[in-house]
Amino acid sequence: MQERIVITGMGIISAIGNTVEENYNALLSGQSGVGELTLFESIHRETIKVGQVKKTTEQLIAELELSSDNNYTRTALLGAYAAKEAIANAGIRDINNRKTGLISSTSVGGMDYTEKYFFEYETTEASRKYIDAQGAGDSTDKIADYIGLKGFVTTISTACSSAANAVMMGARLLKAGKLDRVIVGGTDALSKFTVNGFNTLMILTDGYNTPFDQNRKGLNLGEAAAYLVLEREDIAIADGRTILGVVSGYANANDAYHQTASSENGEGAYLAMQKALKMANLSSNQVDYVNAHGTATPNNDLSEGRAMQRIFTDQMPLFSSTKPYTGHTLAAAGAIEAVYSLLAIQHGVVFPNKNFVTPMEELSIRPQTTLVHKEINTVLSNSFGFGGNCSTVIFSKF
């Protein structure tokens, strides 16, 4: 029998909390972290709301005990913070005592800083240390350096499905025997680039995001980082780790429909869910909860909703989007929602889909709007990105 891939640690920092426990308590109490943009000046500041991490960049630098002349961007700082928590949560004292890798994902990369200093590079020498931070891999390298990792390091950037794809790649490397342990996840800070870009696409709401609501107007951007520690089951048991859950299935598909939109019938989403269920050797009736991608954009919710109806033909399990709490955290979303999926399994709870009022006319399903306590053995988590990149990961109780 093939060894299972298990989760032994998780760390997170988001708009609703700086730890796993704080995030869980906020989800239980229905506390949203979406509010005013204060990180930087923006012409859209009065018309949009964002999910902003409550720690300042200076506080993150101090808590990570970095030197004052560091060249960590906020993206890298958030990533290092969450990765450190995941490693501590797993009880790992020597990161290199096993063949360990890091697969980190990001969309923004270092743009949150390079856009800030771009016009100063020629005249201000002190700002030039951030030039190299532009690339997506820079934050990954800094996280690896911070945690002292000497093993395999790589970066994934597939838009909003990035962190889910990091989980998949990590699981594959473990199954292939290339690694014994891998830290997977994603990090993205808020930036003018993303605010202006998403505004140009006309998919930002001027209020609070309302996933799967007939009157949804768009998403709230968010910043966050989250990481999971994945290990082969035999190694986790040999090292005496507490096992939080199992990565039982995963798949990636692409509907090749449009640069930024999903196909109307959700073909990519449908294929990702179908293939993930097949890998997990599960029927659709065995899924207890779906943590939907649920961005509250007109296109995504219709596409994902139709795909879910195609998959769950007998009975739709309870489903919700947790983006009203955190905002859409882009490349970090798949990891943020992986943590929430595992919390759902651990505590036997389905988190409500906030802000939902009116069912969508095109769908016969509707999200769960109240907190439900029930046994959760299997959670299906969706993450869909630009370019039609659709990913599904299934987490199961150990």
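As an equivalent ellipsoid, region 312-398 spans semi-axes of 19, 18, 14 angstrom, where each value is the square root of five times an eigenvalue of the C-alpha gyration tensor, largest first.
In the context of the full set of protein chains, region 224-380 has a per residue accessible area of 35 Å² (1.4 Å probe).
Geometric descriptor of region 144-274, per residue, is 165 Å³ (volume of the convex hull of the Cα atoms). Amide H contacts under 5 Å for M10: N89, A90, V229, restricted to partners 5 or more places along the chain or on a different chain, H placed in the peptide plane at 1.01 Å from N.
What a 1.4 Å probe finds exposed on the chain is 48% carbon and sulfur by accessible area, rounded to a whole percent. Applying the Karplus relation 6.51 cos²θ - 1.76 cosθ + 1.60 with θ = phi - 60° to region 354-359 yields 3J(HN,Hα) values of 5, 6, 7, 10, 10, x Hz, where x marks Gly and Pro. Computed with a 1.4 Å probe over protein heavy atoms only, the accessible surface of region 48-87 comes to 38 Å² per residue. Binning all Cα-Cα separations of region 64-148 at 10 Å, short to long from zero, yields these whole-percent fractions: 17, 45, 27, 9, 2. In a reduced charge model with +1 at each Lys and Arg Cβ and -1 at each Asp and Glu Cβ, region 1-147 shows a dipole moment near 540 debye about its Cα centre. Here the Karplus relation 6.51 cos²θ - 1.76 cosθ + 1.60, evaluated at θ = phi - 60°, turns the backbone of region 324-340 into coupling constants of x, 7, 10, x, 8, 9, 6, 5, 7, 4, x, 7, 4, 7, 5, 4, 5 Hz, with x for every Gly and Pro. Charges were assigned to the Cβ only: +1 to each Lys and Arg, -1 to each Asp and Glu. The resulting dipole of region 283-396 about its Cα centre is roughly 120 debye.
With the charge dipole of the chain set up from +1 on Lys and Arg Cβ and -1 on Asp and Glu Cβ about the Cα centre, the Cα lying farthest toward the positive end among the listed residues F212, G17, Q31 is that of F212. Over the chain, dividing the summed -39,500 (n - 2.57) contributions of all DSSP H runs of at least 4 residues by the number of residues returns a 222 nm mean residue ellipticity of -9500 deg cm²/dmol.
Look at the dipole of the chain built from charges on Cβ: of F395, L102, S161, the Cα furthest out on the positive end belongs to F395. A convex hull fitted around the alpha carbon atoms of region 1-115 yields 167 Å³ per residue.
Please list the three semi-axes, largest first and in whole Å, of the ellipsoid equivalent to the chain, using sqrt of 5 times the eigenvalues of its alpha carbon gyration tensor.
30, 27, 18
The packing ranking, built from the mean of other Cβ atoms within 10 Å per residue, places the peptides 163-172, 280-289 in the order 163-172, 280-289, highest first.
At full extension, E65 and T369 could sit 105.3 nm farther apart than now, given 0.36 nm per residue minus the alpha carbon distance. 3J(HN,Hα) along region 4-9: 7, 9, 10, 9, 10, x Hz, from the Karplus curve 6.51 cos²θ - 1.76 cosθ + 1.60 with θ = phi - 60°, whole Hz, x for Gly and Pro.
Summarising the amide proton neighbourhood of G249: residues at separation of 5 or more, or on other chains, whose placed amide H is nearer than 5 Å comprise I394. Given the C-alpha centroids of region 297-341 and region 77-153, what is the distance between them in whole angstrom? One Cα centre to the other: 28 Å.
Ordering T38, T124 by accessible surface, largest first, gives T38, T124; the 1.4 Å probe counts only protein heavy atoms, with every chain in place.
Given +1 at the Cβ of Lys and Arg, -1 at the Cβ of Asp and Glu and no other charges, the dipole of region 237-345 around its Cα centre is 140 debye to the nearest 20. Available extension along the chain between H347 and K150 is 67.4 nm, counting 0.36 nm per residue and deducting the alpha carbon span.
The values are calculated or read from the model by the stated rules, or taken from the named source; none is laboratory data. Since the model is a prediction, treat every value here as computed from it, not as a measurement. Backbone-built Cβ (ideal geometry, glycine too); neighbour counts: all protein chains shown. Protein only, heavy atoms only, side chains kept; ligands, DNA and RNA dropped before computing areas. Shrake-Rupley method; radii C 1.70, N 1.55, O 1.52, S 1.80 Å.
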